[in-house]
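K.L.:
Input: one structure, supplied below.
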């Protein structure tokens, strides 16, 4: 881990037991079934930077986000915050200090806000939970946070249903900032919003990152959003990273066939009249993974080796790629 790194995920994996109940398995003579949502995922996020995870639905993005923020325990691997193990802290005091430094912004702002609470109490909750302030100072801080995200201090008296989707996401951002975090996991924070509102929220997040020195793990399936927000990007397929690269490198010279497919299929402002090839096939069943490279059933460059031998990440200039075709120079 480099000296200025805040977050490091090492060989992160998560397997879910999705088996039928014991009696059903006995009567049907079926075996246990396991779903691998993440496998040997690794990345390093420097302080003040944004690392983005991108991929189709079902690729494991949200599962990784929940592990990195501590909401879900990994089956294998670990996450460190400034060199401290998130899941094995020294003591309870150290665990509380680590949790305060990490927050999460969820995809649905309405579902993540308690509809029975006034907004001022929603924002004040982390302040009280971590004993950061007392008495009237708590509500003063809540009002400051509302103004910081572009709302009025008087909005604290309202309930979540009285706001639009974009305003609710601003409230969720204010709540995330309430504990003075250093690292925020942003799980599809704008996917439920209109395009015009998306840009406002993304610009707000950029400004907050610059002003407060925040570090982001940004999860999205929208490549245009990722290109705007990220410094480095990891492309996920069936729980595995198939390519990691600097933002400009990834969009200018994508290496993995899956990355190329995603970029080719994405809409572009300057591509009026363009005919893009449709994304080929669908993500396979993660319970019954394909042999070899998991992408080979959809890959135009697949050969016999791809069908039998899983590829490993190989290092290139400002990138890492998991692909036999790249290794054998067959991707040009």
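The values are calculated or read from the model by the stated rules, or taken from the named source; none is laboratory data. What you are looking at is a predicted structure, and each value in this text was computed from that prediction instead of being measured. Positions of Cβ are generated from backbone atoms using ideal geometry, with glycine treated the same way; all protein chains shown enter the neighbour counts.
K.L.:
I'd like the full set of residues that are within 23 Å of residue 205 (Cα to Cα) and touching a residue at least 12 places away in the same chain (Cβ under 8 Å), limited to the range 140-157.
P.N.:
Within the range 140-157, 141, 142, 143, 145, 146, 148, 149, 150, 151, 155, 156 qualify.
K.L.:
Anything in the range 181-191 that is part of a loop (DSSP other than H, G, I, E, B) and either touching a helix residue (DSSP H, G or I) at 6+ places or on another chain (Cβ under 6 Å) or at pLDDT below 95 (or both)? List them, or say none.
P.N.:
Correct list: 188, 189, 190, 191.
K.L.:
Right, something else. For residue 171, work out the one condition from (1) more than 22 Å from residue 67 (Cβ to Cβ); (2) surrounded by fewer than 23 Cβ atoms within 10 Å (Cβ to Cβ) it doesn't fulfil.
P.N.:
Only one criterion in (1) more than 22 Å from residue 67 (Cβ to Cβ); (2) surrounded by fewer than 23 Cβ atoms within 10 Å (Cβ to Cβ) is unmet by residue 171, namely (2).
K.L.:
Which of (1) more than 24 Å from the chain's Cα centre (by Cα); (2) surrounded by 12 or more Cβ atoms within 10 Å (Cβ to Cβ); (3) at pLDDT 90 or above does residue 323 not meet, given it meets every other one?
P.N.:
Just one mismatch for residue 323, condition (1).
K.L.:
What is the residue count in the range 303-326 for residues that are part of a helix (DSSP H, G or I) and in contact with a strand residue (DSSP E or B) (Cβ under 6 Å, 6 or more places away or on another chain)? Break it down stepwise before answering.
P.N.:
Step one: filter the range 303-326 for residues part of a helix (DSSP H, G or I), giving 304-308, 324-326.
Applying the additional criterion that residues be in contact with a strand residue (DSSP E or B) (Cβ under 6 Å, 6 or more places away or on another chain) yields none.
So the answer is 0.
K.L.:
Sticking with this one: If residue 152 satisfies every condition in (1) more than 21 Å from the chain's Cα centre (by Cα); (2) buried (at least 16 other Cβ atoms within 10 Å of the Cβ) but one, which is the exception?
P.N.:
Condition (2) is where residue 152 drops out.
K.L.:
Follow-up question, since we're still on this one. Regarding residue 201, is this residue within 30 Å of residue 252 (Cβ to Cβ) and more than 18 Å from the chain's Cα centre (by Cα)?
P.N.:
No; evaluated as a whole, the condition is false for this residue.
K.L.:
Of all the helices (runs of 4 or more DSSP H) wholly in the range 2-101, which have at least 3 residues that are over 21 Å from residue 187 (Cα atoms)?
P.N.:
Fully inside the range 2-101 and qualifying: 22-28, 92-100.
K.L.:
Can you find even one residue in the range 25-34 that is in contact with a helix residue (DSSP H, G or I) (Cβ under 6 Å, 6 or more places away or on another chain) and either free of Cβ contacts under 8 Å to residues at least 12 places away in the same chain or within 21 Å of residue 56 (Cα to Cα) (or both)? Steps first, please.
P.N.:
First pass over the range 25-34, keeping only residues in contact with a helix residue (DSSP H, G or I) (Cβ under 6 Å, 6 or more places away or on another chain): none.
No, the range 25-34 has no match at all.
K.L.:
Quick one: which of 290, 300, 286 is out of contact with any strand residue (DSSP E or B) (no Cβ under 7 Å at 6 or more places or on another chain), surrounded by 13 or more Cβ atoms within 10 Å (Cβ to Cβ) and either modelled with pLDDT of 90 or more or assigned to a loop (DSSP other than H, G, I, E, B) (or both)?
P.N.:
Numbers: 300 fails: surrounded by 13 or more Cβ atoms within 10 Å (Cβ to Cβ); 286 fails: out of contact with any strand residue (DSSP E or B) (no Cβ under 7 Å at 6 or more places or on another chain).
Of 290, 300, 286, the one residue that is out of contact with any strand residue (DSSP E or B) (no Cβ under 7 Å at 6 or more places or on another chain), surrounded by 13 or more Cβ atoms within 10 Å (Cβ to Cβ) and either modelled with pLDDT of 90 or more or assigned to a loop (DSSP other than H, G, I, E, B) (or both) is 290.
K.L.:
Restricting to the range 118-142, and then to whatever is modelled with pLDDT of 95 or more and farther than 20 Å from residue 100 by Cα, can you tell me which residue is surrounded by the fewest Cβ atoms within 10 Å (Cβ to Cβ)?
P.N.:
118
K.L.:
For the range 81-97, what are the residues that are touching a residue at least 24 places away in the same chain (Cβ under 8 Å) and surrounded by fewer than 19 Cβ atoms within 10 Å (Cβ to Cβ)?
P.N.:
Residues of the range 81-97 that are touching a residue at least 24 places away in the same chain (Cβ under 8 Å), as a first pass: 81-83, 96.
Matches in the range 81-97: 82, 83, 96.
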